[in-house]
Amino acid sequence: MKTKALILGIAALSIPAIALAEGDGEKKGKGGDHRAKMLEKFDTDGDGKLDETEREAAKAAGKAHREELLSKYDANGDGKLDETEREAAKAAGEKIPPHGGKGKKGGKKGPRGGDE
């Protein structure tokens, strides 16, 4: 009985791995689309991953985007966008990261424990 349960358990756990292996290799869902966009924009050597230089370019672009958003929409000058300022930026068509996103003051952590 234990052997049968063990075999069924292993089979059940193998199904997602098999499905992923048979898929197109593209990560979908949470973070997958963002990752694909980052690779498309910053993977200059086309190897499917970001090396140190490419990661630095991505970080610099993100920092420049945040600074631009602050200069345009931080009406009260406190160095961050409050809900009213965020809504104004969204209404103007800006892409705004989710509230409480990554940042120096205790932002959300990525799946590996570091800021992603």
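If you filter the stretch 45-66 down to residues that are touching a helix residue (DSSP H, G or I) at 6+ places or on another chain (Cβ under 8 Å) and among the acidic types (D, E), you find that the one that is surrounded by the most Cβ atoms within 10 Å (Cβ to Cβ) is E54.
Taken together, E56, E52 contain a single residue that is modelled with pLDDT of 95 or more, within 16 Å of the chain's Cα centre (by Cα) and of a type in the set (D, E), which is E56.
One residue is enough: does the stretch 90-103 have a residue meeting the conditions exposed (fewer than 10 other Cβ atoms within 10 Å of the Cβ), at pLDDT below 50 and assigned to a loop (DSSP other than H, G, I, E, B)? No, every residue in the stretch 90-103 fails to be exposed (fewer than 10 other Cβ atoms within 10 Å of the Cβ), at pLDDT below 50 and assigned to a loop (DSSP other than H, G, I, E, B).
The values are calculated or read from the model by the stated rules, or taken from the named source; none is laboratory data. Computed from a predicted structure; not experimentally measured. Reconstructed Cβ throughout: ideal geometry from the backbone, glycine too, with neighbour counts over all protein chains shown.
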